[in-house]
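The values are calculated or read from the model by the stated rules, or taken from the named source; none is laboratory data. Quantities reported herein were computed from a predicted structural model and do not represent experimental measurements. Here the Cβ positions follow ideal geometry from the backbone for every residue, glycine too, while neighbour counts run over all protein chains shown. Surface areas here come from the heavy atoms of the whole protein model, side chains and all, with no ligands, DNA or RNA. Shrake-Rupley method; radii C 1.70, N 1.55, O 1.52, S 1.80 Å.
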Amino acid sequence: MRSMIKTTIRLLWLLAALWSGIASAQTRDFSEHDPARILMVVWRGCEEACQGFRQYLAEQNLPVKVMIRDAAKDKSRIQVFLEEAKTLQPDLVVTWGTSVSKDIIGPMNTDQPENYLGDIPALFMVVADPVGAGIIESYDRSGRDHVTGVRNRVPEEVQIRAIKDYLDAKKIGVIYTTAELNSVLNTQKLEQLAAEMDFELIRKTYQLNDKGKPVSGQIPGLMKELSDEGADVVYVGSSSYNRQNRDAFTSAANDNNLPVASAYEVMVTKSNALLSIANRYYNVGRLAGNQARKVLFEQQRPGSLNIPSLSRYSVFINMAVARQLELYPPIQLLRFAELVHTER
């Protein structure tokens, strides 16, 4: 009798494993009539990275259905999209930005996994510091079976080295909001590098209103404070607020004879920053598309993949600003920089 029970249990396990294998194969046997369903949650519309992601999948002729949900910079919407993902059970959830990723994927080793995606495969992009934010364990492996992502940041060491090569900066200013985790983490990284790379970091923070947003109109005053304290350059490493208000930010800096260096190329190409060492968001999106292909069509577990980055950085210099501030780039940067000549 005991032998029969053991045999029955073994058969049940084998059937369960077989059914699991069949179900797994079915979820990955996508076609034009039954495409892979990707729910993409973005922070500020389908911008360059989102477009690059969709374009890559289209060029690969992969059967996918990308459903975009835009938080429109409103954190309260993120929870709504999370609940939708739990109900919909898509084949992959793609998150854009630190706030979206942390609220949907959740932190490492959470004791409340039910508050996040759980075992739904997830892929993050445009997260400035996913390790510091507690989303993943390392760039070699996420440390989470159902989570992967891509890196978009040019390392701060590279940024600071380029700034010092160009401007011989001894004092670097930064203005940020404590309401953005990515900005806080970025400033902490700069503080660590200050002693190692021989520069003084001058920090300024925005005053917040009762909704946790920076009070408008502060940029000129804070920029004047940086100038009065002897800053040689203002650096924007990771700040959605500064990126969004780039024209006001760069204009106030230049009015105080302060060059702006940024990890955002749009602050040079579409505004009046002087220097940027950056990865184009469009290419970051394409890199994320390649990672999605591995998960959905090559049957690779998200947690088994490394967190890749682009192999080349781009250097952007706004020559109109260089002339205005009389800060002409050194020859070694001119050799491979993309020069922008139009003042905006």
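Condition check ((1) without any contact (Cβ under 8 Å) to a residue 40 or more places away in the chain; (2) surrounded by 14 or more Cβ atoms within 10 Å (Cβ to Cβ); (3) of a type in the set (A, V, I, L, M, F, W, C); (4) not in a loop (DSSP other than H, G, I, E, B)) across all residues:
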| site | (1), (2), (3), (4) |
| --- | --- |
| L57 | no, yes, yes, yes |
| D103 | yes, yes, no, yes |
| T110 | yes, no, no, no |
| D129 | no, yes, no, no |
| I135 | yes, yes, yes, no |
| Y139 | no, yes, no, no |
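Mind checking whether some residue in region 289-301 is among the small types (G, A, S), open to solvent by 80 Å² or more (accessible area, probe 1.4 Å) and farther than 23 Å from F249 by Cβ? No, every residue in region 289-301 fails to be among the small types (G, A, S), open to solvent by 80 Å² or more (accessible area, probe 1.4 Å) and farther than 23 Å from F249 by Cβ.
Helices (runs of 4 or more DSSP H) fully within region 142-240 that include at least 2 residues being among the polar types (S, T, N, Q) and open to solvent by 40 Å² or more (accessible area, probe 1.4 Å): 181-196. Can you confirm whether S99 is surrounded by fewer than 22 Cβ atoms within 10 Å (Cβ to Cβ) and under 14 Å from the mean Cα position of the chain (by Cα)? It is true that S99 is surrounded by fewer than 22 Cβ atoms within 10 Å (Cβ to Cβ) and under 14 Å from the mean Cα position of the chain (by Cα).
Taken over region 300-326, the criterion of being assigned to a loop (DSSP other than H, G, I, E, B) and either touching an Asp or Glu at 6+ places or on another chain (Cβ under 6 Å) or of a type outside the set (A, V, I, L, M) (or both) is satisfied by Q300, R301, N306, P308, S311, R312, Y313, E326.
Which residue out of P329, P259 is at pLDDT below 95, touching a strand residue (DSSP E or B) at 6+ places or on another chain (Cβ under 7 Å) and either open to solvent by less than 60 Å² (accessible area, probe 1.4 Å) or closer than 30 Å to S142 by Cβ (or both)? Before you say what the answer is, go through the steps one by one.
On the way: P259 fails: at pLDDT below 95.
P329 is the lone residue from the list that is at pLDDT below 95, touching a strand residue (DSSP E or B) at 6+ places or on another chain (Cβ under 7 Å) and either open to solvent by less than 60 Å² (accessible area, probe 1.4 Å) or closer than 30 Å to S142 by Cβ (or both).
Within region 291-309, residues that are on the phi > 0 side of the Ramachandran plot have Cβ atoms under 8 Å from residues that are of a type outside the set (S, T, N, Q) and assigned to a loop (DSSP other than H, G, I, E, B) in no pair, counting only partners at least 6 apart in sequence or on another chain. Of all residues in region 290-344, how many are more than 30 Å from P259 (Cβ to Cβ) and not hydroxyl-bearing (S, T, Y)? Residues in region 290-344 being more than 30 Å from P259 (Cβ to Cβ) and not hydroxyl-bearing (S, T, Y): 18 in total.
Inspection of region 69-82 finds a residue satisfying the criterion of being under 28 Å from G143 (Cβ atoms), within 18 Å of the chain's Cα centre (by Cα) and β-branched (V, I, T).
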